[in-house]
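Working notes for the structure below.
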Amino acid sequence: MSSLPTNVPVILAFPSVASCVTILVFVIMAVGLNVVVGYAGLLDLGYVAFYAIGAYTAGWLASGQFQQVNFHFGASGISSEARGIHITIWLVLIFAAILTAVGGILIGLPTLRLRGDYLAIVTLGFGEIIPQFVRNADSLHGFDLTHGTFGISPIDSPGFGQRLHDSVGLPLNFQQSFSRERLFFWTALGLLLIVIFCSMRLRDSRLGRAWIAIREDETAAGAMGIPLMRTKTWAYAGGAFFGGIAGAYIATFNSGAFPTQFDFNISVFLLCMVILGGMGSLWGVVVAGTILAWLNFDGLGNIGSWFNSNVLPASSQIDVPKYSFGIYGVIIVLMMLFRPTGLIPERRRKREIEEATHGGPLDESLYEMRGADEPGAGERGEPGKIPRG
(Lines give C-alpha, C1' and ligand atoms only; values in the text may rest on other atoms or scores of the structure.)
Protein backbone atom coordinates (compact mmCIF):
# COMPACT_ATOMS: atom_id res chain seq x y z
CA MET A 1 0.00 0.00 0.00
CA SER A 2 1.61 3.31 -1.11
CA SER A 3 -0.41 5.66 1.07
CA LEU A 4 -2.38 5.92 4.26
CA PRO A 5 -6.22 6.13 4.39
CA THR A 6 -7.97 8.40 1.89
CA ASN A 7 -11.26 10.32 1.97
CA VAL A 8 -10.39 12.03 5.25
CA PRO A 9 -12.47 15.20 5.81
CA VAL A 10 -10.79 18.45 4.71
CA ILE A 11 -7.28 16.99 4.30
CA LEU A 12 -8.67 14.40 1.80
CA ALA A 13 -5.81 11.93 2.25
CA PHE A 14 -2.80 11.29 4.39
CA PRO A 15 0.55 11.66 2.61
CA SER A 16 2.04 8.86 0.59
CA VAL A 17 4.85 6.80 2.06
CA ALA A 18 7.34 8.55 -0.24
CA SER A 19 6.19 11.94 1.07
CA CYS A 20 6.48 10.64 4.64
CA VAL A 21 10.17 9.87 4.03
CA THR A 22 10.82 13.47 2.99
CA ILE A 23 8.77 14.77 5.91
CA LEU A 24 10.86 12.73 8.36
CA VAL A 25 14.07 14.05 6.80
CA PHE A 26 12.87 17.63 7.25
CA VAL A 27 12.00 16.89 10.88
CA ILE A 28 15.55 15.57 11.40
CA MET A 29 16.91 18.85 10.02
CA ALA A 30 14.53 20.86 12.23
CA VAL A 31 15.80 18.98 15.30
CA GLY A 32 19.36 19.80 14.22
CA LEU A 33 18.55 23.49 13.75
CA ASN A 34 16.89 23.49 17.17
CA VAL A 35 20.29 22.72 18.70
CA VAL A 36 21.68 25.93 17.20
CA VAL A 37 18.68 28.24 17.51
CA GLY A 38 16.66 26.70 20.33
CA TYR A 39 19.36 25.52 22.73
CA ALA A 40 22.18 28.02 22.12
CA GLY A 41 20.07 30.97 20.89
CA LEU A 42 22.18 31.52 17.73
CA LEU A 43 20.15 32.72 14.76
CA ASP A 44 21.16 30.64 11.73
CA LEU A 45 19.75 31.55 8.30
CA GLY A 46 22.09 29.29 6.32
CA TYR A 47 21.30 25.83 7.67
CA VAL A 48 20.54 24.56 4.16
CA ALA A 49 24.29 24.60 3.51
CA PHE A 50 24.80 21.70 5.93
CA TYR A 51 22.01 19.85 4.14
CA ALA A 52 23.86 20.37 0.84
CA ILE A 53 27.22 19.25 2.22
CA GLY A 54 25.69 16.01 3.49
CA ALA A 55 23.98 15.30 0.18
CA TYR A 56 27.08 15.92 -1.92
CA THR A 57 29.21 13.84 0.44
CA ALA A 58 26.89 10.94 -0.35
CA GLY A 59 27.32 11.76 -4.04
CA TRP A 60 31.10 11.68 -3.79
CA LEU A 61 31.36 8.50 -1.74
CA ALA A 62 28.53 6.41 -3.20
CA SER A 63 28.29 7.01 -6.93
CA GLY A 64 30.19 6.91 -10.19
CA GLN A 65 31.03 10.61 -10.02
CA PHE A 66 34.78 9.99 -9.99
CA GLN A 67 35.24 7.67 -12.95
CA GLN A 68 39.02 7.83 -12.68
CA VAL A 69 38.94 5.53 -9.62
CA ASN A 70 37.38 2.17 -8.84
CA PHE A 71 36.93 1.73 -5.09
CA HIS A 72 34.33 -0.49 -3.43
CA PHE A 73 33.75 -1.06 0.28
CA GLY A 74 30.62 -2.81 1.49
CA ALA A 75 28.33 -1.41 -1.21
CA SER A 76 25.38 -3.75 -1.88
CA GLY A 77 23.74 -4.28 -5.24
CA ILE A 78 26.64 -2.65 -7.09
CA SER A 79 28.76 -4.51 -9.61
CA SER A 80 32.41 -4.76 -8.66
CA GLU A 81 33.28 -3.49 -12.13
CA ALA A 82 31.36 -0.22 -11.67
CA ARG A 83 33.69 2.77 -11.74
CA GLY A 84 33.69 5.40 -9.03
CA ILE A 85 33.69 5.31 -5.22
CA HIS A 86 31.08 2.95 -3.77
CA ILE A 87 31.08 2.79 0.04
CA THR A 88 28.19 1.31 1.95
CA ILE A 89 25.59 3.96 2.71
CA TRP A 90 25.64 3.18 6.43
CA LEU A 91 29.24 4.39 6.59
CA VAL A 92 28.50 7.24 4.18
CA LEU A 93 25.90 8.61 6.60
CA ILE A 94 28.55 8.73 9.34
CA PHE A 95 31.18 10.27 7.04
CA ALA A 96 28.68 12.89 5.83
CA ALA A 97 27.73 13.80 9.41
CA ILE A 98 31.37 14.14 10.48
CA LEU A 99 32.38 16.15 7.41
CA THR A 100 29.41 18.47 7.87
CA ALA A 101 30.24 18.92 11.56
CA VAL A 102 33.79 19.89 10.58
CA GLY A 103 32.30 22.34 8.09
CA GLY A 104 30.16 23.78 10.88
CA ILE A 105 33.26 24.26 13.05
CA LEU A 106 35.20 25.93 10.24
CA ILE A 107 32.34 28.29 9.57
CA GLY A 108 31.66 28.91 13.24
CA LEU A 109 35.17 29.78 14.39
CA PRO A 110 35.50 33.08 12.47
CA THR A 111 31.83 34.10 12.68
CA LEU A 112 30.55 33.22 16.16
CA ARG A 113 32.24 36.24 17.70
CA LEU A 114 29.36 38.16 16.14
CA ARG A 115 25.95 38.45 17.75
CA GLY A 116 22.34 38.97 16.76
CA ASP A 117 21.68 40.45 13.33
CA TYR A 118 25.34 40.38 12.32
CA LEU A 119 25.57 36.64 12.92
CA ALA A 120 22.33 36.11 10.97
CA ILE A 121 23.72 38.01 7.98
CA VAL A 122 26.95 35.99 7.98
CA THR A 123 25.08 32.66 8.16
CA LEU A 124 22.80 33.89 5.38
CA GLY A 125 25.87 34.48 3.23
CA PHE A 126 27.22 31.04 4.05
CA GLY A 127 23.87 29.50 3.06
CA GLU A 128 24.05 31.25 -0.30
CA ILE A 129 27.72 30.47 -0.99
CA ILE A 130 27.45 26.67 -0.76
CA PRO A 131 24.61 26.22 -3.35
CA GLN A 132 26.40 28.61 -5.73
CA PHE A 133 29.61 26.68 -5.25
CA VAL A 134 28.04 23.31 -6.11
CA ARG A 135 26.45 24.86 -9.22
CA ASN A 136 29.81 26.07 -10.49
CA ALA A 137 32.23 23.41 -9.22
CA ASP A 138 31.98 21.28 -12.37
CA SER A 139 35.29 22.62 -13.65
CA LEU A 140 37.80 23.36 -10.90
CA HIS A 141 40.95 23.62 -13.02
CA GLY A 142 39.47 20.92 -15.22
CA PHE A 143 38.22 18.73 -12.36
CA ASP A 144 34.51 17.94 -12.13
CA LEU A 145 33.65 17.98 -8.41
CA THR A 146 29.88 18.45 -8.38
CA HIS A 147 28.75 18.01 -12.01
CA GLY A 148 27.33 21.52 -11.97
CA THR A 149 23.64 22.13 -12.51
CA PHE A 150 23.10 18.49 -13.52
CA GLY A 151 23.96 17.26 -10.02
CA ILE A 152 25.33 13.85 -9.08
CA SER A 153 23.16 10.91 -10.05
CA PRO A 154 22.60 8.03 -9.54
CA ILE A 155 23.65 7.62 -5.92
CA ASP A 156 23.83 4.15 -4.39
CA SER A 157 21.04 2.85 -2.22
CA PRO A 158 21.24 1.41 1.31
CA GLY A 159 21.26 -2.35 1.69
CA PHE A 160 22.60 -5.16 3.82
CA GLY A 161 24.53 -7.24 1.33
CA GLN A 162 24.13 -10.74 -0.03
CA ARG A 163 25.30 -12.56 3.10
CA LEU A 164 22.77 -10.94 5.46
CA HIS A 165 20.10 -11.23 2.81
CA ASP A 166 20.62 -14.99 2.51
CA SER A 167 21.03 -15.71 6.23
CA VAL A 168 18.61 -13.30 7.92
CA GLY A 169 16.39 -12.09 5.09
CA LEU A 170 17.38 -8.42 5.30
CA PRO A 171 16.92 -6.52 2.01
CA LEU A 172 19.86 -6.71 -0.37
CA ASN A 173 19.27 -3.23 -1.79
CA PHE A 174 16.47 -0.77 -0.99
CA GLN A 175 16.10 0.60 -4.52
CA GLN A 176 15.76 -2.87 -6.02
CA SER A 177 13.18 -4.04 -3.47
CA PHE A 178 9.42 -4.14 -4.10
CA SER A 179 9.02 -2.48 -0.67
CA ARG A 180 11.44 0.33 -1.50
CA GLU A 181 9.40 3.19 -0.02
CA ARG A 182 8.55 1.30 3.15
CA LEU A 183 12.20 0.40 3.72
CA PHE A 184 13.25 4.03 3.34
CA PHE A 185 10.40 5.13 5.62
CA TRP A 186 11.28 2.81 8.51
CA THR A 187 14.96 3.65 8.18
CA ALA A 188 14.18 7.39 8.23
CA LEU A 189 12.01 6.87 11.30
CA GLY A 190 14.85 5.01 13.00
CA LEU A 191 17.28 7.83 12.18
CA LEU A 192 14.83 10.37 13.57
CA LEU A 193 14.53 8.45 16.84
CA ILE A 194 18.33 8.29 17.14
CA VAL A 195 18.60 12.04 16.47
CA ILE A 196 15.89 12.78 19.06
CA PHE A 197 17.68 10.63 21.65
CA CYS A 198 21.02 12.35 20.97
CA SER A 199 19.38 15.77 21.14
CA MET A 200 17.77 14.95 24.48
CA ARG A 201 21.06 13.75 25.92
CA LEU A 202 22.85 16.85 24.65
CA ARG A 203 20.21 19.12 26.17
CA ASP A 204 20.56 17.52 29.59
CA SER A 205 24.36 17.37 29.51
CA ARG A 206 26.81 19.87 30.90
CA LEU A 207 27.32 21.23 27.39
CA GLY A 208 23.57 21.61 26.90
CA ARG A 209 23.24 23.57 30.14
CA ALA A 210 26.04 25.84 28.93
CA TRP A 211 24.13 26.42 25.67
CA ILE A 212 21.02 27.38 27.60
CA ALA A 213 23.02 29.74 29.81
CA ILE A 214 24.40 31.46 26.70
CA ARG A 215 20.91 31.71 25.24
CA GLU A 216 19.55 33.36 28.37
CA ASP A 217 22.42 35.82 28.96
CA GLU A 218 25.68 35.51 27.04
CA THR A 219 27.47 38.15 29.11
CA ALA A 220 26.53 36.51 32.39
CA ALA A 221 27.49 33.09 31.05
CA GLY A 222 30.92 34.36 30.10
CA ALA A 223 31.34 35.97 33.50
CA MET A 224 30.56 32.64 35.15
CA GLY A 225 33.44 30.99 33.28
CA ILE A 226 31.67 29.37 30.31
CA PRO A 227 34.03 29.44 27.26
CA LEU A 228 31.72 31.23 24.85
CA MET A 229 33.46 30.57 21.53
CA ARG A 230 34.10 26.90 22.19
CA THR A 231 30.58 26.29 23.49
CA LYS A 232 28.90 28.05 20.57
CA THR A 233 31.14 26.25 18.09
CA TRP A 234 30.02 22.93 19.56
CA ALA A 235 26.42 24.03 19.00
CA TYR A 236 27.16 24.67 15.34
CA ALA A 237 28.95 21.34 15.04
CA GLY A 238 26.07 19.45 16.66
CA GLY A 239 23.43 21.06 14.49
CA ALA A 240 25.54 20.51 11.37
CA PHE A 241 26.07 16.85 12.30
CA PHE A 242 22.33 16.17 12.18
CA GLY A 243 21.94 18.22 9.00
CA GLY A 244 24.61 16.14 7.29
CA ILE A 245 22.80 12.91 8.14
CA ALA A 246 19.57 14.29 6.71
CA GLY A 247 21.24 15.50 3.53
CA ALA A 248 23.04 12.24 2.85
CA TYR A 249 19.91 10.17 3.48
CA ILE A 250 17.62 12.21 1.25
CA ALA A 251 20.26 12.03 -1.50
CA THR A 252 20.17 8.23 -1.39
CA PHE A 253 16.37 8.26 -1.35
CA ASN A 254 16.21 10.57 -4.38
CA SER A 255 19.18 8.74 -5.93
CA GLY A 256 20.78 12.09 -6.63
CA ALA A 257 22.07 15.40 -5.24
CA PHE A 258 20.96 18.44 -7.26
CA PRO A 259 21.69 22.14 -6.56
CA THR A 260 18.03 23.08 -7.02
CA GLN A 261 17.25 21.24 -3.77
CA PHE A 262 19.23 23.67 -1.62
CA ASP A 263 17.52 27.05 -1.97
CA PHE A 264 17.53 29.67 0.76
CA ASN A 265 13.81 29.22 1.41
CA ILE A 266 14.55 25.81 2.96
CA SER A 267 16.53 27.53 5.72
CA VAL A 268 13.60 29.87 6.38
CA PHE A 269 11.20 26.93 6.29
CA LEU A 270 13.22 25.04 8.90
CA LEU A 271 13.45 28.14 11.08
CA CYS A 272 9.65 28.41 10.93
CA MET A 273 9.44 24.85 12.26
CA VAL A 274 11.60 25.74 15.25
CA ILE A 275 9.64 28.92 16.00
CA LEU A 276 6.25 27.28 15.56
CA GLY A 277 7.12 24.33 17.78
CA GLY A 278 8.78 26.42 20.46
CA MET A 279 12.45 27.37 20.54
CA GLY A 280 14.34 24.81 22.58
CA SER A 281 11.37 22.45 22.77
CA LEU A 282 12.39 19.14 21.22
CA TRP A 283 8.91 17.64 20.99
CA GLY A 284 7.44 20.95 19.88
CA VAL A 285 9.88 21.07 16.95
CA VAL A 286 9.04 17.48 16.01
CA VAL A 287 5.30 18.23 15.97
CA ALA A 288 5.65 21.57 14.17
CA GLY A 289 8.14 20.11 11.68
CA THR A 290 5.74 17.30 10.84
CA ILE A 291 2.81 19.68 10.37
CA LEU A 292 4.65 22.23 8.22
CA ALA A 293 6.40 19.60 6.11
CA TRP A 294 3.08 17.85 5.51
CA LEU A 295 1.46 21.15 4.53
CA ASN A 296 4.33 21.83 2.14
CA PHE A 297 4.26 18.49 0.34
CA ASP A 298 0.61 17.40 0.37
CA GLY A 299 -1.47 19.29 2.89
CA LEU A 300 -1.98 22.66 1.20
CA GLY A 301 -2.85 21.01 -2.11
CA ASN A 302 -5.40 18.70 -0.50
CA ILE A 303 -6.94 21.42 1.66
CA GLY A 304 -7.10 23.73 -1.34
CA SER A 305 -8.89 21.08 -3.40
CA TRP A 306 -11.43 20.54 -0.63
CA PHE A 307 -11.92 24.29 -0.22
CA ASN A 308 -12.49 24.80 -3.95
CA SER A 309 -14.92 21.88 -4.13
CA ASN A 310 -16.98 22.66 -1.04
CA VAL A 311 -16.72 26.40 -0.39
CA LEU A 312 -15.82 28.43 -3.45
CA PRO A 313 -17.89 28.62 -6.66
CA ALA A 314 -16.44 27.22 -9.87
CA SER A 315 -15.72 30.74 -11.16
CA SER A 316 -13.57 31.70 -8.15
CA GLN A 317 -11.20 28.79 -7.70
CA ILE A 318 -7.79 29.52 -6.15
CA ASP A 319 -4.50 27.65 -6.27
CA VAL A 320 -3.72 27.47 -2.55
CA PRO A 321 -0.14 26.02 -2.85
CA LYS A 322 0.89 29.17 -4.78
CA TYR A 323 0.48 31.13 -1.57
CA SER A 324 2.30 28.65 0.65
CA PHE A 325 4.90 31.01 2.12
CA GLY A 326 2.27 33.68 2.66
CA ILE A 327 0.23 31.11 4.58
CA TYR A 328 3.27 30.08 6.63
CA GLY A 329 3.88 33.76 7.39
CA VAL A 330 0.32 34.22 8.62
CA ILE A 331 0.69 31.11 10.81
CA ILE A 332 3.88 32.46 12.39
CA VAL A 333 2.35 35.92 12.96
CA LEU A 334 -0.68 34.38 14.65
CA MET A 335 1.58 32.21 16.79
CA MET A 336 3.61 35.24 17.86
CA LEU A 337 0.42 37.09 18.80
CA PHE A 338 -1.45 34.36 20.63
CA ARG A 339 1.15 31.75 21.63
CA PRO A 340 4.66 33.20 21.42
CA THR A 341 6.15 30.27 23.31
CA GLY A 342 5.22 27.79 20.54
CA LEU A 343 2.96 24.79 20.27
CA ILE A 344 4.74 22.79 22.98
CA PRO A 345 6.90 25.33 24.82
CA GLU A 346 9.97 24.45 26.80
CA ARG A 347 9.29 25.27 30.45
CA ARG A 348 12.36 27.44 30.93
CA ARG A 349 11.76 29.34 27.71
CA LYS A 350 8.09 29.82 28.57
CA ARG A 351 9.00 31.38 31.91
CA GLU A 352 11.53 33.69 30.24
CA ILE A 353 8.94 35.03 27.80
CA GLU A 354 6.20 35.34 30.39
CA GLU A 355 8.46 37.24 32.78
CA ALA A 356 9.62 39.53 29.99
CA THR A 357 6.03 40.15 28.85
CA HIS A 358 4.08 40.39 32.10
CA GLY A 359 6.74 41.16 34.65
CA GLY A 360 6.72 37.53 35.84
CA PRO A 361 6.35 36.27 39.37
CA LEU A 362 8.36 39.14 40.84
CA ASP A 363 5.70 40.78 43.03
CA GLU A 364 6.46 38.74 46.10
CA SER A 365 10.20 38.29 45.63
CA LEU A 366 10.86 42.04 45.63
CA TYR A 367 9.18 42.63 48.98
CA GLU A 368 11.09 42.47 52.21
CA MET A 369 10.24 39.32 54.15
CA ARG A 370 9.97 40.08 57.87
CA GLY A 371 9.54 37.85 60.88
CA ALA A 372 6.18 37.82 62.66
CA ASP A 373 7.60 39.64 65.68
CA GLU A 374 9.29 42.43 63.69
CA PRO A 375 7.78 45.88 63.25
CA GLY A 376 5.97 46.22 59.95
CA ALA A 377 5.63 42.46 59.46
CA GLY A 378 3.52 41.70 56.41
CA GLU A 379 3.78 45.27 55.10
CA ARG A 380 5.01 45.94 51.60
CA GLY A 381 7.71 48.48 51.18
CA GLU A 382 6.93 51.71 49.37
CA PRO A 383 9.22 52.97 46.60
CA GLY A 384 11.78 55.38 47.96
CA LYS A 385 10.88 54.72 51.60
CA ILE A 386 13.52 53.30 53.92
CA PRO A 387 12.08 50.61 56.24
CA ARG A 388 12.15 51.47 59.90
CA GLY A 389 14.11 49.44 62.36
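The values are calculated or read from the model by the stated rules, or taken from the named source; none is laboratory data. This structure is a prediction, so every number in the text was calculated from the model and none was measured. No Cβ is skipped: glycine too gets one built from the backbone with ideal geometry, and neighbour counts run over all protein chains shown. To get the accessible areas, we keep the full protein, side chains included, count just its heavy atoms, and leave off ligands, DNA and RNA. Shrake-Rupley method; radii C 1.70, N 1.55, O 1.52, S 1.80 Å.
Rolling a 1.4 Å probe over the protein heavy atoms of the chain, with every protein chain left in place, gives an accessible area that is 63 percent carbon and sulfur. For the chain, the longest principal axis of the C-alpha atoms and the axis of helix 180-204 are separated by about 30°. For the options V268, V48, V36, a Gaussian network treatment of the chain with springs between C-alpha atoms closer than 10 Å singles out V268 as fluctuating the most.
Between the residues A82, G284, V122, the greatest Cα displacement towards the positive end of the dipole of the range 17-295, with unit charges on the Cβ of Lys, Arg, Asp and Glu, is found for G284. Of all DSSP-defined beta bridges confined to the chain, some 70% are antiparallel rather than parallel.
In this Cβ point-charge picture (+1 for Lys and Arg, -1 for Asp and Glu), the range 17-295 has a dipole of about 540 debye about its Cα centre.
Based on protein heavy atoms only, the range 17-295 ends up with 42 Å² per residue of surface accessible to a 1.4 Å probe. Counting only DSSP H runs of at least 4 residues, each contributing -39500 (n - 2.57), and dividing by the residue count of the chain, the helix-based mean residue ellipticity at 222 nm comes to -18500 deg cm²/dmol. Mind pulling the angle between the C-alpha long axis of helix 300-310 and the longest principal axis of the chain? Nearest 10 degrees, somewhere in 0 to 90. The helix 300-310 is inclined about 80 degrees to the chain. Between F26, F297, F338, where does the largest GNM mean-square fluctuation fall for the chain, given springs only between Cα atoms within less than 10 Å? Comparing F26, F297, F338 in the GNM, the peak value goes to F338. About the centre of its Cα atoms, the range 183-300 shows a dipole size close to 380 debye [charges on the beta carbon of Lys, Arg (+1) and Asp, Glu (-1) only; nearest 20 debye].
Give me the one-decimal Kirkwood hydrodynamic radius in Å for the chain, with the sum taken over alpha-carbon pairs. Write down the numbers at each step before the final one.
Details: mean 1/r = 0.0429 Å⁻¹.
This gives a value of 23.3 Å.
Given axes a ≥ b ≥ c from the Cα gyration tensor, I'd like to know whether the range 230-276 is rounded (a/c under 1.5), prolate (a/b larger than b/c) or oblate. In terms of gyration-tensor shape, oblate. Close amide-amide hydrogen proximity is noted between G84 and V69, N70, F71, each under 5 Å apart and 5 or more residues distant or on a separate chain (H modeled in the peptide plane; Pro and chain starts excluded).
If one computes P(r) from the Cα atoms of the range 63-215, what percent of pairs lie at distances over 26 Å? Within the range 63-215, distances greater than 26 Å cover 48 percent of Cα pairs. Once the Cα atoms are used to define both axes, helix 17-34 deviates from the longest principal axis of the chain by about 40 degrees.
For the chain, what is the relative contact order in percent, using Cα pairs closer than 8 Å and at least 6 residues apart in sequence?
Working: 634 pairs, mean separation 102.1, N = 389.
Once normalised by length, the contact order is 26 percent.
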